[in-house]
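Written below as structure tokens is the structure these notes are about.
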């Protein structure tokens with residue numbers, strides 16, 4: 001009996017060590033045996049779950065969208081993070097047969113579309129200068145004639161309201177380029193006021209200077225004078241232009257800012273006659289500086305013989321335009337011919353008019369030259 005109790009104690013000590021403990025009936029306890037199954041189950045289930053999820057993500061667009069949306073919400077809640085890249089095999093063609101674009105490492109904000117056009121910033125074109133027209137009285141015109149040529153007024157033959165004021169001078173001196181003694185001077189009844197020289201405001205008047213004692217075909221000039229200040233308070237004579245023009249007159253006088261640099265240039269067209277009944281018109285564009293006057297462009301705009309009479313006449317229409325919207329004006333010249341029917345009494349009637357060529361002139365250095373087509 002004592003031996004039996006000693007054997008029972010020995011079995012009890014082995015049970016406390018956890019190695020050979022047995023329950024009644026000789027069966028091993030189920031707690032330790034069941035605990036050893038979970039690692040094996042997880043080792044098999046987790047890879048199967050991952051593979052199934054991977055296949056479902058790539059095979060089902062709805063499932064992949066659900067996963068991406070959930071992941072995006074979680075990422076926003078925790079403060080963002082790097083954007084998720086699609087699997088490498090889908091970037092190379094995808095298991096579902098659809099091309100999947102690689103996401104950029106740095107994505108733009110959600111509210112700014114990637115293809116939004118850049119904002120248009122308009123080019124700030126320079127502001128062109130503009131001339132104002134100022135009317136002159138007879139008294140002001142006479143004072144300006146004396147201001148330019150000196151002498152004293154001996155006679156005024158201008159009718160009130162005429163477009164030209166004409167005076168006779170005594171003791172006046174010729175002034176280049178008017179190569180004639182200014183015995184008789186006519187001035188336009190309007191002046192163009194503006195900035196013709198950088199940093200200086202002034203005004204331009206149109207002049208006709210004659211020497212009554214000189215040769216008929218060589219003693220008349222038509223041109224202009226640029227004077228600083230205003231007609232009421234004239235300053236220095238800044239520049240003069242002149243063209244020999246027998247029995248002539250100015251037919252066109254315009255101020256324009258060709259370069260949009262804030263400085264005006266002067267366009268002047270002059271009509272003149274020649275012996276034998278010929279009629280001409282010549283156009284010139286001048287610029288002014290503190291040092292003098294510079295010729296930029298000139299052309300004959302009419303070559304006709306109405307007193308002969310001729311059956312045709314050559315003409316040129318000259319306009320100034322900004323063809324390429326760069327703020328700089330080009331000179332456009334249309335060349336043409338007019339054909340007439342001449343009657344027995346030598347009167348003429350226009351039969352046809354045709355433009356034969358059009359040329360564009362652009363500034364090239366100090367003058368304008370024909371632009372290459």
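Hey, any idea what Rg/Rh is for the stretch 207-277, computing Rh the Kirkwood way over Cα pairs?
Details: Rg = 14.9 Å, Rh = 13.9 Å.
Here Rg/Rh amounts to 1.07.
Got a sec? How would 348, 300 order by Cβ neighbour count within 10 Å, fewest to most? Let's see the in-between values first.
On the way: 348 19, 300 12.
Ascending number of Cβ neighbours within 10 Å: 300, 348.
Over the Cα atoms of the stretch 256-321, compute the convex hull volume and normalise it per residue, giving Å³.
Working: hull volume 5.3 nm³, N = 66.
So the per-residue hull volume is 80 Å³.
For the stretch 132-370, what size does the Cα cloud have along each of its three principal axes, sorted from largest down, in whole Å?
On the principal axes, the stretch 132-370 reaches 51, 50, 29 Å in Cα extent.
If each residue's Cβ is checked for other Cβ atoms within 10 Å, how do 361, 164 rank with the fewest at the top? Before the final figure, lay out each step's value.
Numbers: 361 20, 164 17.
Starting with the residue having the fewest Cβ neighbours, the order is 164, 361.
Residue 322 to residue 139: FRET efficiency via 1/(1 + (r/R0)^6), r the Cβ-Cβ distance, R0 41 Å, to the nearest 0.05?
Working: r = 40 Å, r/R0 = 0.98.
It comes to 0.55.
Please work out the Kirkwood hydrodynamic radius for the stretch 245-290, using every pair of different C-alpha atoms, and report it in angstroms with one decimal place. Before the final figure, lay out each step's value.
Details: mean 1/r = 0.0834 Å⁻¹.
Taking the inverse mean of 1/r over all distinct Cα pairs, the stretch 245-290 comes out at 12.0 Å.
With 15 Å as the cut-off, how large is the P(r) tail for the stretch 163-214, expressed as percent of Cα-Cα pairs?
55
From the gyration tensor of the Cα coordinates in the stretch 245-373, what semi-axes in whole Å does the equivalent ellipsoid have, largest first, with each one equal to sqrt(5λ)? Before the final figure, lay out each step's value.
Numbers: eigenvalues 205, 66, 20 Å².
The equivalent ellipsoid of the stretch 245-373 has semi-axes of 32, 18, 10 Å.
Points 7 angstrom from Cα along the Cβ direction at residue 173 and residue 274: gap in nanometres?
Simple spin-label model gives 3.5 nm for this pair.
Readers should treat all values here as calculations from the given coordinates under stated rules, not as data from a laboratory. Just so we're clear, the structure is a prediction, and the values are computed from it rather than from any experiment. In this analysis, Cβ positions are derived from the backbone assuming ideal geometry, glycine residues included, and neighbour counts consider all displayed protein chains.
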